[in-house]
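Contents: one structure, followed by commentary.
The values are calculated or read from the model by the stated rules, or taken from the named source; none is laboratory data. Owing to the predicted nature of the structure, the values given are computational and were not obtained by experimental measurement. Ideal geometry is used to build each Cβ from the backbone, glycine not excepted, and the neighbour counts take in all protein chains shown. Areas reflect the complete protein model, heavy atoms only, side chains present, ligands, DNA and RNA absent. Shrake-Rupley method; radii C 1.70, N 1.55, O 1.52, S 1.80 Å.
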Amino acid sequence: MAAEGGGKEMNEIKTQFTTREGVYKLLTHSEYSRPNRVPFNSQGSNPVKVSFVNVNDQSGNGDRICFNVGRELYFYIYKGVRKAADLSKPIDKRIYKGTQPTCHDFNPLTATAESVSLLVGFSAGQVQLIDPIKKETSKLFNEERLIDKSRVTCVRWVPGSESLFLVSHSSGSMYLYNVENTCGTTAPHYQLLKQGENYAVHTCKSKSARNPLLRWTVGEGALNEFAFSPDGKFLACASQDGFLRVFGFDAAELHGTMKSYFGGLLCVCWSPDGRYIVAGGEDDLVTVWSFSDCRVIARGHGHKSWVSVVAFDHCTTSVEDGDPPAEFSGSDEDFHEQIHFGTGRDRANSTQSRLSKRNSTDSRPVSVTYRFGSVGQDTQLCLWDLTEDILFPHLPLSRTRTHTNVMSATSPPSTGQNTTTVSTTTTSNPSGTNGKDNVSNSSSGGNPANSLPSSLPRSNSLPHSNPGNSIMDSSFIATGVSKFATLSLHESRKERHEKDHKRNHSMGHISSKSSDKLNQLSSSRTAKADVAKTLGTTLCPRMEEVPLLEPLVCKKIAHERLTVLIFLEDCLVTACQEGFVCTWARPGKVGLLSSQNNPANSPSGTVV
């Protein structure tokens with residue numbers, strides 16, 4: 001089994017991968033799908049989505065999973081890494097006619113072993129409230145499609161509420177509903193409540209309480225996904241016009257915006273402490289945005305096609321106090337607040353770490369690592385680490401914990417080829433003998449780590465490291481680092497992989513000056529003007545103006561495009577458009593299934 005892919009194995013589907021924590025393994029017997037296990041012909045259908053809820057079952061097996069495949073919706077007991085999946089006994093199965101489920105969300109507040117509240121959005125615009133345990137359909141919202149006729153793109157319960165939920169549509173509108181209210185028999189009349197740059201919020205004019213309570217109109221084109229902040233106070237919206245917009249939810253005020261490098265934004269998520277937002281989309285990039293600074297702080301390039309899902313890993317995200325504790329001198333005010341991280345699936349509020357203390361004799365800051373993942377239409381899973389060298393570039397570092405590449409602003413090597421400087425490395429290798437894999441291990445130098453060259457060098461992975469003067473944790477080097485995707489921004493096309501991108505939108509075609517190409521990708525005159533106006537501003541920095549991350553892991557894990565990535569306590573869950581929901585055991589968790597690991601229990605039609 002080739003777990004670490006090289007050149008000849010590029011098309012091989014991986015069943016395990018290695019990070020610094022250890023080996024993640026695909027549990028083939030924990031695969032969920034339609035009972036017949038036949039791959040779904042996904043042409044023209046809506047993306048497969050997965051929702052989880054814990055019903056606090058006394059047996060200790062309280063996890064429930066819901067997923068949609070085509071016209072079908074399934075609800076199972078989720079056994080995760082503990083037991084093999086039994087697909088012959090779904091708790092509930094529904095087949096819809098004339099419309100397809102597109103998204104769904106459980107209410108964790110009301111879930112019990114006897115009853116769960118599940119919202120399901122549909123391709124024709126309706127939203128259904130069902131109880132798959134009681135097998136009840138309690139309510140149908142927007143039944144006559146008088147509120148919105150377009151496809152539901154995202155549905156979420158409002159955090160902390162048992163009755164309020166928010167629904168976005170491909171029309172670009174969002175609606176706030178109350179499950180207690182009816183939708184009325186006539187089209188709603190609206191009254192303007194608040195208006196801002198490219199957004200407006202209306203209330204529903206009615207003598208009696210009716211849905212929707214509010215209508216949000218956001219940006220141009222579809223509103224592809226939204227996500228509530230961990231404290232429920234803010235709302236991040238990813239739109240087809242390429243803008244990320246972050247609102248204060250209660251006041252309906254715009255907090256900040258960001259523009260994709262090009263194309264629409266398809267997905268968005270918050271860090272567990274609410275400090276950072278990651279968005280992905282049609283530019284094949286993952287973009288990290290600081291909530292407090294309202295600016296892009298990094299981009300990640302590893303995908304060869306559109307990024308469909310981004311998600312933070314609560315369990316691997318960590319803050320470790322320095323010894324002695326460190327203080328950020330002259331830092332932004334948000335660094336002086338306390339941040340909170342959750343260790344499981346609970347909202348992130350369990351442990352506290354101090355980011356505001358520093359001993360003047362020890363300049364080492366606390367160690368911060370945010371782990372997030374992404375999956376895309378290129379069938380690849382990427383894992384990323386966001387570390388203190390990116391978050392706090394003005395601080396000196398004693399060590400590095402990631403394969404983040406930050407280019408230095410010193411002169412290029414004499415041979416004219418590009419060298420790679422890594423993370424906080426601040427000087428280029430002046431010799432440049434081979435030009436490809438030179439790595440400067442100097443951890444001190446003249447230029448700050450966040451100063452960048454005028455043109456972005458080739459950003460390679462790190463096949464070599466000097467153990468005597470290493471700025472890398474030795475455990476990283478053993479993880480197949482040399483197999484990372486090479487990023488080529490300013491080189492000729494022939495050096496790029498021939499299968500680089502399905503839609504010819506790869507980063508190799510885009511330089512910081514290619515406004516013509518950017519304009520071609522825009523669909524309207526206003527979009528063209530926006531691209532020209534925003535590139536090179538804080539809304540959308542040029543590629544060389546922000547650090548470029550490389551993935552820790554970048555593996556092809558499916559035959560069809562990936563549509564789901566969810567991090568759970570003992571595993572991570574992915575799903576592809578063929579309708580297979582896969583469970584990957586975290587390091588050390590796979591032994592829980594040894595009793596089921598015999599060939600008799602292994603399913604026949606598995607993905608890999």
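If you stretched the chain out fully between S88 and E12, how much longer would it get, using 0.36 nm times the residue separation minus the C-alpha to C-alpha distance?
Working: separation 76, 0.36 × 76 = 27.36 nm, distance 2.98 nm.
In short, 24.4 nm is gained.
Put a dot 7 Å past each Cα toward the Cβ at E162 and D231; how far apart are the dots in nm?
So the label points at D231 and E162 sit 2.5 nm apart.
Would you mind putting 66-77, 232-243 in packing order, based on average other-beta-carbon counts within 10 Å, highest first? Walk me through the intermediate numbers first.
Numbers: 66-77: 22.1, 232-243: 24.1.
Top to bottom by mean Cβ count within 10 Å: 232-243, 66-77.
For the range 275-319 and the range 51-84, what is the separation of their Cα centres, given in Å?
Result: 28 Å between the Cα centres.
If r is the Cβ-Cβ distance from V38 to E545 and R0 is 45 Å, what FRET efficiency results, to the nearest 0.05? Intermediate results must be reported in sequence, preceding the final value.
Numbers: r = 48 Å, r/R0 = 1.08.
Working from the Cβ atoms, E equals 0.40.
Please give the length that would be gained between T185 and R71 if that part of the chain were fully extended, namely 0.36 nm times their separation in residues minus their C-alpha to C-alpha distance (nm, one decimal). Write down the numbers at each step before the final one.
Values: separation 114, 0.36 × 114 = 41.04 nm, distance 2.71 nm.
Full-extension gain reported as 38.3 nm.
How big is the charge dipole of the range 175-245 about its Cα centre, in debye rounded to the nearest 20, if each Lys and Arg gets +1 on its Cβ and each Asp and Glu gets -1 on its Cβ? Don't jump to the answer; show the numbers that get you there.
Working: 7 positive and 6 negative charges, 80 e Å.
With Lys and Arg at +1 and Asp and Glu at -1, about 380 debye.
Which pairs, out of K259/K555; K194/K304; K149/K233; K49/K555; K207/K259; K533/K556, put more than 32 Å between their alpha-carbon atoms? All intermediate terms of the calculation are to be shown ahead of the outcome.
Values: K259/K555 27 Å; K194/K304 40 Å; K149/K233 29 Å; K49/K555 20 Å; K207/K259 40 Å; K533/K556 36 Å.
Violating the 32 Å Cα-Cα cut-off are K194/K304; K207/K259; K533/K556.
Give me the distance in nm between label points sitting 7 Å out from Cα along the Cα-to-Cβ direction at S206 and R295, one decimal.
Roughly 4.5 nm, to one decimal.
Taking only protein heavy atoms and a 1.4 Å probe, what accessible area per residue, in Å², does the range 1-150 have with all protein chains in place? Show your work: numbers first, answer last.
Numbers: 6500 Å² over 150 residues.
Value returned for the range 1-150: 43 Å² of accessible area per residue.
Shape of the range 7-86 from its Cα gyration tensor (a ≥ b ≥ c, root eigenvalues): rounded if a/c is under 1.5, otherwise prolate when a/b > b/c, or oblate? The partial results should precede the final answer.
Working: a/c = 2.23, a/b = 1.13, b/c = 1.97.
Note, shape of the range 7-86 comes out oblate.
Report the full-extension gain for the segment E136 to H559: residue separation times 0.36 nm, less the Cα-Cα distance, to one decimal in nm. Kindly include the intermediate steps, with their values, before the conclusion.
Values: separation 423, 0.36 × 423 = 152.28 nm, distance 3.54 nm.
Working it through step by step, the gained length comes to 148.7 nm.
Please identify which residues in the range 184-220 have an amide N closer than 18 Å to a label point set 7 Å out from the Cα of E144, following the Cα→Cβ vector.
Answer for this model: 184-190, 204-213.
Find the all-direction average of the projected area of the Cα convex hull for the range 136-249, expressing the result in square nanometres with one decimal place. Kindly include the intermediate steps, with their values, before the conclusion.
On the way: hull surface 29.2 nm².
If you wrap the Cα atoms of the range 136-249 in a convex hull and average its projections, you get 7.3 nm².
Please compute the net charge surrounding C204, taking Lys and Arg as +1 and Asp and Glu as -1 over other residues with Cβ under 10 Å from its Cβ.
+3
Which peptide among 298-308, 579-589 comes first, and what is the full order, when sorted by highest mean count of other Cβ atoms within 10 Å?
Working: 298-308: 23.9, 579-589: 21.5.
In descending order of packing, they fall as 298-308, 579-589.
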